[in-house]
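Novice: Right, I'll just put the structure down here and ask away after.
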Amino acid sequence: DANASVFYDCASLKKVTLPGKVADLQAHVFAECPALTTVIFPKGCETTRIAYYAFLNSGLTSIDFTNAKGLAIIDHDAFNGCSNLATIKFADTKNNLEILDYAFANTAVETVDLPSGVITLGAYAFYNVANLRAVNLETDSNLQTIGAYAFNGTALASIDFSKAAMLEEIGEYAFCETAIGKIVLADAVTSVGNYAFYGCANVTEFKLSSGISN
């Protein structure tokens, strides 16, 4: 990436307003910026990708993608280690969006409202987000894949699988030892990995997808 790491380790940087024409936030561009609490995506911004490690270990307290309606990829580790990041707001769009491995791992997010366009939650996407209690899906969710360990290490108690009619795959340990109470999988689910729901002591209702043959 030609413009990667431009503001890497800028210890005093507190606020960033992105130019509207920036399509690709490059790798490490704002990584290791502990004082950075605010990033503004302007109206009409053309951002389609947040590259890997873009905000690694930064001081962000919230992130608002409302104006980034064309966002297609939040790459691996993009916000990993942002230990003060408590709020994520996605754009209300049906455009396909992939949230890749470790994208929001080790953050302080409490609730995630996923727009219908999210098709992938990568492995470890919200790993070790101890405060995370609820993931809300839209009724017409296009979510197809939940990767391994995606919610392991969270306090997740609520996710309505009935809204994920297109969900096909749940990776191993994806919901391991969470507080989830109800698991009703749509028939599109064909693969559930080993230990996906291991140690979920609060489960009171479970319905296996008829799409799983063994």
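The values are calculated or read from the model by the stated rules, or taken from the named source; none is laboratory data. The structure displayed is predicted, hence computed values, not measured ones. Virtual Cβ from ideal backbone geometry, glycine too; neighbours counted across all protein chains shown. All accessible areas refer to the heavy atoms of the entire protein, side chains included, with ligands and DNA or RNA removed. Shrake-Rupley method; radii C 1.70, N 1.55, O 1.52, S 1.80 Å.
Novice: What net charge is computed for the residues neighbouring Val203, neighbours being all others with C-beta under 12 Å from the C-beta of Val203, Lys and Arg scored +1, Asp and Glu -1?
Specialist: Residues near Val203 contribute 0 overall.
Novice: Related question: Could you name the aspartates and glutamates in cross-link range of Lys43, using Cα to Cα under 13 Å and dropping any fewer than eight places away on the same chain?
Specialist: Output for Lys43: Asp64.
Novice: Tabulate in residue order the Karplus-calculated ³J(HN,Hα) for the range 153-159, using 6.51 cos²θ - 1.76 cosθ + 1.60 with θ = phi - 60°, rounded to whole Hz; enter x for Gly and Pro.
Specialist: The phi angles translate into x, 10, 9, 3, 10, 9, 8 Hz.
Novice: Taking K and R as +1 and D and E as -1, what net charge do the other residues with C-beta under 12 Å from the C-beta of Ala148 add up to?
Specialist: Neighbourhood net charge equals -3.
Novice: Once both labels are modelled 7 Å past Cα along the beta-carbon direction, what's the Glu168-Ser62 spacing in nm?
Specialist: Label at Glu168, label at Ser62, 3.7 nm between them.
Novice: Residues with amide H under 5 Å of Leu97's amide H, sequence separation 5 or more or different chain, H placed in the peptide plane at 1.01 Å from N; which?
Specialist: Placed amide hydrogens put Val118, Ile119, Thr120 under 5 Å from Leu97.
Novice: Quick check for you: with a 1.4 Å probe and neighbouring chains kept, what is the accessible area per residue of the chain, in Å²?
Specialist: Heavy-atom accessible area per residue stands at 45 Å².
Novice: Which entries in Lys14/Lys163; Lys89/Lys182; Lys15/Lys94 show an alpha-carbon gap greater than 32 Å?
Specialist: Lys14/Lys163
Novice: What's the carbon and sulfur percent of the range 69-133's accessible surface, probe 1.4 angstrom, rounded to a whole number?
Specialist: 43 percent
Novice: How much net charge surrounds Thr47 when only other residues with a Cβ under 10 Å from its Cβ are counted (Lys, Arg +1; Asp, Glu -1)?
Specialist: That works out to +1.
Novice: To one decimal place, what Kirkwood hydrodynamic radius in Å is obtained for the range 71-170 from all pairs of distinct Cα atoms?
Specialist: For the range 71-170, inverting the mean 1/r across all distinct Cα pairs yields 13.0 Å.
Novice: Another question about this same structure. What relative contact order, as a whole-number percentage, does the chain give when Cα pairs under 8 Å and 6 or more residues apart are counted?
Specialist: 11 percent
Novice: Shifting gears a bit: State to the nearest 20 debye the size of the charge dipole of the chain about its Cα centre, where the only charges are +1 on K and R beta carbons and -1 on D and E beta carbons.
Specialist: Values: 12 positive and 22 negative charges, 108 e Å.
Approximately 520 debye in magnitude.
Novice: Would you please name the trypsin sites (Lys or Arg not before Pro) within the range 94-199 that are DSSP coil residues with at most 15 other C-beta atoms within 10 Å of their C-beta?
Specialist: Passing sites in the range 94-199 are Lys94.
Novice: What is the extension gain from Ala157 to Ala4, computed as 0.36 nm multiplied by their sequence separation minus the C-alpha to C-alpha distance, in nm to one decimal?
Specialist: 51.3 nm
Novice: State to the nearest 20 debye the size of the charge dipole of the range 28-127 about its Cα centre, where the only charges are +1 on K and R beta carbons and -1 on D and E beta carbons.
Specialist: Value, rounded to 20: 240 debye.
Novice: Just grab the label-to-label distance for Thr204 and Lys21, each label 7 Å out from Cα along the Cβ direction, in nm (one decimal).
Specialist: 5.7 nm
Novice: Which number comes out as Rg/Rh for the chain once both Rg and the Kirkwood Rh are worked out on C-alpha atoms?
Specialist: With Rg and the Kirkwood Rh in hand, the quotient comes to 0.99.
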